[in-house]
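The values are calculated or read from the model by the stated rules, or taken from the named source; none is laboratory data. What you see is a predicted model, and the numbers here were worked out from it, not measured in a lab. Cβ atoms come from the backbone with ideal geometry, glycine included; neighbour counts cover every protein chain shown.
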Amino acid sequence: MAHVTVESGGMREGSAHWRSPSPFLSRPRGTNTQQTDAPPLIRLEDVQKTFDSRTQVLRGVSLDIHPGERVSLIGANGSGKTTLLKSLIGLHPITGGRIETLGERFSGRPNGQQLRRLRRGTGFVFQRHCLVRRRTVLSNVVHGMLGAPGSWRAFCHTTAPESWRTRAMEVLEEVKLESKALERADALSGGQQQRIAIARALIRRPKLLIADEPSASLDPASGRDVMELFTNLCRQYGITLIFTSHDMEHAMEFSERVVALKAGKIHFDEKPATISTAMVGNIFV
């Protein structure tokens with residue numbers, strides 16, 4: 001346990017004093033809350049996306065993802081993986097079809113209220129960590145509350161409400177960085193910085209976690225550690241996970257479904273155990 005005290009108005013070093021655990025940490029561990037008989041958390045119906053009226057990136061993608069599932073998206077560069085991720089949460093307007101995510105149904109783009117609700121229910125982990133490097137680790141995690149009511153207070157951990165700081169320390173403990181809370185983010189290694197990004201994504205207790213090439217900028221050992229960490233957390237807490245990857249070992253090991261995109265269409269949607277070498281090879285030709 002970190003020797004850091006959470007107090008009103010800031011953080012100081014000293015003996016650890018903890019409030020009662022939050023609902024985030026009290027959820028049962030080691031359980032997969034996936035409910036395949038429940039309505040899909042995400043539904044894409046014949047989704048199409050064209051850039052500049054000429055370049056068609058998504059060509060009629062239909063896909064259901066259920067609560068608690070862990071799904072990897074694979075495919076060659078330009079196959080539409082990142083565009084699909086951004087479209088399903090409204091960051092890219094679609095040019096055809098319909099999307100329903102976290103109960104928000106839209107064609108084209110979600111309206112302002114829908115977009116705010118989508119962002120509140122979604123955590124993001126990017127290939128580049130997107131941290132404020134001169135800020136403390138704790139402040140970077142608190143930044144995950146930006147967009148919540150009163151979010152101007154998430155600018156820095158010293159201005160954040162005590163409940164947010166406590167929650168930030170809890171998720172830092174989950175990613176094994178609670179002892180680094182008051183260090184500057186740029187003093188940590190690449191793998192540790194990606195752990196900060198995971199903690200920042202988890203502080204909202206999201207229903208959905210989106211990760212775009214989360215291990216691509218890391219060395220193999222750090223990349224594997226990061227993949228193990230956030231997939232285990234998602235499984236333990238029933239968070240639906242969708243991640244893109246060019247690493248087939250990661251896609252096969254850390255997801256329950258592998259969705260392959262080729263030329264903007266779903267090439268296959270299979271469980272890892274049913275995927276052959278020939279199937280994988282056909283994605284990249």
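A few remarks follow.
- Checked against the criterion of being more than 26 Å from residue 169 (Cα to Cα) and modelled with pLDDT of 90 or more, the candidates 267, 246 yield just one match: 267.
- Residues in region 273-285 that are within 25 Å of the chain's Cα centre (by Cα) and under 21 Å from residue 84 (Cα atoms): 280, 283.
- The listed residue being outside any strand (DSSP E or B) and under 18 Å from the mean Cα position of the chain (by Cα), out of 133, 119: 119
- Subset of region 37-94 (residues that are exposed (fewer than 15 other Cβ atoms within 10 Å of the Cβ) and among the small types (Gly, Ala, Ser)): 38, 53, 62, 78
- Any hit, region 218-240, residues being modelled with pLDDT of 90 or more, under 23 Å from residue 117 (Cα atoms) and in a strand (DSSP E or B): yes
- Taken as a whole, the condition of being out of contact with any strand residue (DSSP E or B) (no Cβ under 6 Å at 6 or more places or on another chain) and of a type outside the set (Lys, Arg) applies to residue 196.
- Answer residue from region 146-177, given it is in a loop (DSSP other than H, G, I, E, B) and small (Gly, Ala, Ser) and is modelled with the lowest pLDDT among those: 150
- Condition met for residue 276 (buried (at least 17 other Cβ atoms within 10 Å of the Cβ) and small (Gly, Ala, Ser)): no
- Condition check for residue 109: under 30 Å from residue 45 (Cβ atoms) and either in contact with a strand residue (DSSP E or B) (Cβ under 6 Å, 6 or more places away or on another chain) or assigned to a helix (DSSP H, G or I) (or both): no
- Of all residues in region 60-98, those satisfying the criterion of being outside any loop (DSSP other than H, G, I, E, B) and farther than 20 Å from residue 258 by Cα are 96, 97, 98.
- The set of residues in region 51-89 that are modelled with pLDDT under 90 and within 15 Å of residue 208 (Cα to Cα) is empty.
- Single unsatisfied condition, residue 284 versus (1) of a type in the set (Phe, Trp, Tyr); (2) over 24 Å from residue 67 (Cα atoms); (3) crowded, with 22+ Cβ neighbours inside 10 Å: (3)
- Some residue of region 178-185 being within 28 Å of residue 247 (Cβ to Cβ) and either touching a Pro at 6+ places or on another chain (Cβ under 8 Å) or not β-branched (Val, Ile, Thr) (or both): yes
- Scanning region 204-225 for residues that are surrounded by 24 or more Cβ atoms within 10 Å (Cβ to Cβ) and either within 12 Å of the chain's Cα centre (by Cα) or closer than 22 Å to residue 164 by Cα (or both) yields a count of 3.
- Restricting 119, 105, 165 to those that are under 27 Å from residue 38 (Cα atoms), surrounded by 17 or more Cβ atoms within 10 Å (Cβ to Cβ) and among the basic types (Lys, Arg) reduces the list to 119.
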